[in-house]
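K.L.:
So that we are looking at the same thing, I have put the structure below in structure tokens.
Please treat every number below as a calculation from the coordinates, not as lab data. Here the structure is a predicted model, which is why all the values come from computation and not from measurement. All Cβ positions, even for glycine, are placed from backbone atoms using ideal geometry, and neighbour counts span all protein chains on display.
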Amino acid sequence: MALPLAHAAVALGMTRSRDPLIWLCLSLVAILPDFDFALVWGLGLPIGIYHRTFSHSLLFGASMALLWMAIRPIRLRAISPVLIFFVVVSHSLVDMLSTADALDHGVVFFWPFSDYRMGWPILVPLYLWFGPSPFSVVGALQFTLLEVLLAAPLWLLTRSARNGLMACIQSFGGAEKSETLAPKSETGA
Ligand SMILES: [Zn+2]
């Protein structure tokens, strides 16, 4: 499983802002889907049924983007609803890469239209090599160390993908559309 650092690294790769408040906000949004642990740990609901379901879906990402459109504070206006969507969805994609057993712990990405749990456990061997589980003090330290090592490449990968996407949009649709992910106020920061 991925810890907050990996999710935050991907989220920060999507912005060109250097504003610490924007970084903090995007990092929190990146781990937002895991609030479903509150249901599991707080209410004692089965983890296999309630974790990585509705809060890890495309629909949840779209809902958060709409919510952000309604409540976006002036101070954080540089964060577009589209960026919120991509950050929330990126959480699910990173989870898919680090899920040990796709069928048991994969992501229900198309909830509520499908119950199928998706996962491509590319990063799992690395996690297993570092430790069996993050749910202990030693395990959490081991996993955090791994994610420190993973954060830079994940950030770089996301940044490269973002720049490639921007270049495509610019070549096909003009400069104004390319600002969808990065409004002028953000790029100028
Ligand atoms: Zn998650």
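K.L.:
Testing ILE122 on (1) of a type in the set (Val, Ile, Thr); (2) assigned to a helix (DSSP H, G or I); (3) under 19 Å from the mean Cα position of the chain (by Cα), one condition comes back false. Which one is that?
P.N.:
Only one criterion is unmet by ILE122, namely (2).
Residue by residue, here is whether (1) under 18 Å from the mean Cα position of the chain (by Cα); (2) without any contact (Cβ under 8 Å) to a residue 60 or more places away in the chain; (3) within 14 Å of the ligand (Cβ to nearest atom) holds:
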site	(1), (2), (3)
LEU3	yes, no, yes
THR53	yes, yes, yes
ARG75	no, yes, no
VAL94	yes, no, yes
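K.L.:
Sticking with this structure for a sec: Of the numbered conditions (1) hydroxyl-bearing (Ser, Thr, Tyr); (2) surrounded by fewer than 16 Cβ atoms within 10 Å (Cβ to Cβ); (3) in contact with a Phe, Trp or Tyr (Cβ under 6 Å, 6 or more places away or on another chain), SER57 satisfies every one except a single condition; which is it?
P.N.:
Condition (2) is where SER57 drops out.
K.L.:
Follow-up question, since we're still on this one. Can you tell which of ILE49, ILE84 is more than 13 Å from the ligand (Cβ to nearest atom), part of a helix (DSSP H, G or I), among the hydrophobic types (A, V, I, L, M, F, W, C) and closer than 30 Å to TRP129 by Cα?
P.N.:
Working: ILE84 fails: closer than 30 Å to TRP129 by Cα.
Matching residue, one of ILE49, ILE84: ILE49.
One line per residue, one yes/no per condition, for (1) away from the ligand (no atom under 16 Å from the Cβ); (2) of a type outside the set (D, E, K, R); (3) assigned to a loop (DSSP other than H, G, I, E, B):
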| residue | (1), (2), (3) |
| --- | --- |
| PRO33 | no, yes, no |
| VAL40 | no, yes, no |
| LEU66 | yes, yes, no |
| ALA70 | yes, yes, no |
| ALA78 | yes, yes, yes |
| TYR127 | no, yes, no |
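K.L.:
Pairs, please: C-beta under 8 Å, at least 6 apart or cross-chain, first residue free of Cβ contacts under 8 Å to residues at least 24 places away in the same chain and in the range 17-34, second not in a helix (DSSP H, G or I)?
P.N.:
TRP23/THR15; TRP23/SER17
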